[in-house]
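Written below as structure tokens is the structure these notes are about.
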Amino acid sequence: MRLAALAERLGLPVVGDGEFRVEGAAPLESAGPGELSFVSSARWQSVLEESRAGAVILPPDMDPRSRPGIRSPNPRYDFARAVGLLYAPPAPAPGVEPGAHVSESARVDPSASVGAGAVVGANSVVGPRSVIHAGALVYPDVVVGADCQLHGGCVVREGTRLGDRVILQPGVILGGDGFGYELDAQGAWFKIPHVGSVVLEDDVEIGAGSTVDRGTYGETRICRGAKIDNLVMIAHNCTVGEGAVIVAQSGLAGSTQVGARAILMAGVGSAGHLRIGDGAFCGARAGLHKDVPPGARVWGAPQMEERSWHRAMAALGRLPDALRRLRAVEKRLAQRDGDGD
């Protein structure tokens, strides 16, 4: 793509040779003469000067050093947009490929695509321009909105509702039964029926291998714009708020409520029926045993306020020396007591 054409698509101004042919994109350190890269601030000026990148996206006040470029108030973001344009995969042809199974009662929009080996169950709906990739399984009575992508190995169970522009990476499971049992009179486990549903609102993306359980009796809801990483477990009747982010290997126990724009870093675990407030931040491997107030920042297991956690970790590093000093004091006290003093 010509640099000027790319800049026009991005809505940004060009500096230098707009006819430069962009052949690909790469980081500054490894980019070649035909590739586009980016620099986020003047702090990286020396790296830019040593780079072989043929073109660069850079802040308005930086010198591209004789190479063509695109000026941007947010180079990292606009570089990501540029990569999306340069590497956009070809859209699958509309229609149902041979080898797919679509129930006679299902409604698949003519502009949608269903790949070989995919299944669309009875009374399910697939919206305009959505793609059900090869090997995806859509149970009966599922609604898939417009412009969705369901990759291979996804399973979307009955009653699930997907909004528009939802992306399910390979192996996502939506609507499996939650983990719920009660003991009967003989002490055996009785499985609680899970008859609720899963709802994903618009612009939700869920990473590979993640699971979202159906509600026991109500619904499990992932709100608009939420982003869930790989290998995340969302239990029955949870709510994940608008724009929230949940990073890999985190797990929410049943009925956890995650607020809008909250961030849960990798490995966060939540006890059930907790509320994580709007804009809260939970550090990696935090163990949540009580509610997290809106805007709070917590770390550790059990959770601690951020400053208290940092102080505790600093003290932990000094603990071996403190123990040595304590033993020395105890030894001297024992010697003094032995002298009869």
Of the residues Ser111, Ser130, which is under 16 Å from Ala91 (Cα atoms), without any contact (Cβ under 8 Å) to a residue 24 or more places away in the chain and touching a Cys at 6+ places or on another chain (Cβ under 9 Å)? Ser130
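Okay, residues lined up against (1) part of a loop (DSSP other than H, G, I, E, B); (2) surrounded by fewer than 19 Cβ atoms within 10 Å (Cβ to Cβ):
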position	(1), (2)
Val195	yes, yes
Val198	no, no
Asp202	yes, yes
Ala208	yes, yes
Gly215	yes, no
Gly225	yes, yes
So which residues in region 67-90 are out of contact with any strand residue (DSSP E or B) (no Cβ under 8 Å at 6 or more places or on another chain), in contact (Cβ under 8 Å) with a residue 12 or more places away in the chain and surrounded by fewer than 17 Cβ atoms within 10 Å (Cβ to Cβ), if there are any at all? Pro73, Leu85
Check Ala284, Ala301, Ala312 and return the single one that is within 30 Å of the chain's Cα centre (by Cα), touching a residue at least 12 places away in the same chain (Cβ under 8 Å) and part of a helix (DSSP H, G or I). Ala312
Within region 80-87, can one find any residue that is more than 26 Å from the chain's Cα centre (by Cα) and either among the charged types (D, E, K, R) or under 21 Å from Gly24 (Cα atoms) (or both)? no
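Every read-out reported here was derived from the displayed coordinates using simple, explicitly stated rules and does not represent laboratory data. Bear in mind the structure is a predicted one, so any value in this text is a computation, not a measurement. Counting neighbours? That spans all protein chains shown, and the Cβs are built from the backbone with ideal geometry, glycine included.
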